[in-house]
1. Being outside any strand (DSSP E or B) and crowded, with 16+ Cβ neighbours inside 10 Å is the filter; apply it to segment 124-133 and report the residue that is modelled with the lowest pLDDT.
2. Filter segment 40-69 for residues that are crowded, with 20+ Cβ neighbours inside 10 Å and within 16 Å of residue 99 (Cβ to Cβ); which is modelled with the lowest pLDDT?
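The values are calculated or read from the model by the stated rules, or taken from the named source; none is laboratory data. What you see is a predicted model, and the numbers here were worked out from it, not measured in a lab. Please note: Cβ atoms are built from the backbone with ideal geometry, for glycine as well, and neighbour counts cover all protein chains shown.
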């Protein structure tokens, strides 16, 4: 049965084993990257769904080469999984996980989830941007342009660090003629709208993160952002497998 999710009119919850298996089979066939989150430790890692066992109602996911991360995963009662497929955000919870081998490589075996949520939202899947090769956003302001390092990025928007508190924080304000600079590419002209502000303290300093949504990002610019996100996902998965 498919039912509307309570908090989002664009969300649907699949609740029969047949429907859940069908949605997961599509992720496995296309080898979609899936973000695995450990709730208690706020740890996450990218993985892929390797196998679905219909007789045992079990799933096998790509494992991790990090012993510390593996301990957190195996200790969790439930794990959260998120993926993006053709503009659909897919999420589910299941657990606990067991360590196993699949085709002679480390893997994780988990029960088939009781339900799976699908949301029609292109910007649902975000990636953390690498610190070593920072992505940057330049915002023109009356006092001069400000360049901020990105914290995360999706096809719907970005999170940026404004440690110097230079950008106005009026929610809904639109910033035109901005430049998004991704490593290895020419700057991408974008228009941004401020959607949220988070202030916090770290090491005695008052810091600020900005959530900015893209306005009218499409065509070649959208494709360039998506290519960068996909490349970062692949690199993160390779590092998780011990190849990076």
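1. Selected residue: 124.
2. Here is the first cut: in segment 40-69, the ones crowded, with 20+ Cβ neighbours inside 10 Å are 45-47, 49, 59-64.
Keeping just the survivors that are within 16 Å of residue 99 (Cβ to Cβ) gives 45, 47, 59-64.
Working: 45: 84, 47: 90, 59: 97, 60: 97, 61: 96, 62: 93, 63: 92, 64: 87.
The residue in question is 45.
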